[in-house]
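The values are calculated or read from the model by the stated rules, or taken from the named source; none is laboratory data. All of these numbers come straight from a predicted model, not from anything done at the bench. We place every Cβ from the backbone using ideal geometry, glycine too, and count neighbours over all the protein chains shown. Surface areas here come from the heavy atoms of the whole protein model, side chains and all, with no ligands, DNA or RNA. Shrake-Rupley method; radii C 1.70, N 1.55, O 1.52, S 1.80 Å.
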Amino acid sequence: MPSLKDLRNRIASVKATQKITKAMQMVAAAKLRRAQEAAEAARPYSERMGSVLANITQAVGGGGDAPALMTGTGRDDVHLLVVCTAERGLCGGFNSQIARHARDHIRRLLADGKQVKIICVGKKGFDILRRDYASMIIERVDLREVKTLGFVNADAIARKVIHLFNEGAFDVCTLFYSQFKSVISQIPTAQQIIPAASASSAQPESADGASAVYEYEPEPGEILSDLIPRNIAVQIFRALLENAAGEMGAKMSAMDNATRNAGEMINKLSITYNRQRQAQITKELIEIISGAEAL
């Protein structure tokens, strides 16, 4: 059984940890509001661009004017996975859920005889995936020094992906990230960005909800050659913003649980300390009384 001094030191240590987790919870809560606003602000633009892209894709109809980023290479042999996770931990199962979703996808591709290449955006995803798939990781993007995510960060990643595609390094590219729903709910998501999803069932609508008809100038094929690379960057930017909000939400929830657990541990240790101290006092009183009766 630990001594009273050991119990006091343990209680002091847990109290110090509780202060740290409480402070981290408050910091995550403050950052969450800004990250959530940024993620929610990016969604309408991303979704509208996808709608416009689908409309132009239908106008082109996969003809000769369509760029390769939309039509693909015509093969399905080599897959590139862009796995976006956080740079830091202490956010519960946020990173492991994304990595698990990507790992399941990799296993399915390998079972079908496909070749897989991986770009890791974020340290935690890299640390998890390199245990089993280190030979497949071709690049790691480090964003630890970035204080505020901007479109320039996503555009740099998109340029690397497009450069690899132009070199014939892969046929299909899939983006993995976690879609933010609430503080306690983040949904691991896989989105194909190359070749661009046609979304043929989606009908563009005007402001009043009626079907809209667009005329394009210059030709649709020429617009697509500029729009699709930008759409890839936009989708990656949205994924980074969704991840940032999800990370703060998961960290807030994890630190709240850690603070509660520390409080429960302090209560249990305090009860053990008081009982042991009372037992020691009782023992000393018995010894004093016994000595007095012996005299």
Among the residues of region 99-118, are any crowded, with 17+ Cβ neighbours inside 10 Å and modelled with pLDDT under 90? no
Among the residues of region 142-162, what is the count of those that are β-branched (V, I, T) and under 23 Å from A196 (Cα atoms)? 4
Would it be correct to say that R144 is farther than 25 Å from A254 by Cα and of a type in the set (K, R)? no
Is it the case, given these coordinates, that S96 is surrounded by 14 or more Cβ atoms within 10 Å (Cβ to Cβ), modelled with pLDDT of 85 or more and closer than 21 Å to L143 by Cα? yes
Can you tell me which residue in region 121-140 is least open to solvent (accessible area, probe 1.4 Å), limited to those that are in contact with a helix residue (DSSP H, G or I) (Cβ under 6 Å, 6 or more places away or on another chain) and closer than 14 Å to R88 by Cα? G125
Residues that are touching a Lys or Arg at 6+ places or on another chain (Cβ under 7 Å) and among the small types (G, A, S), drawn from region 131-148: none
Can you tell me which of (1) part of a helix (DSSP H, G or I); (2) modelled with pLDDT of 90 or more is the one R43 doesn't meet? (2)
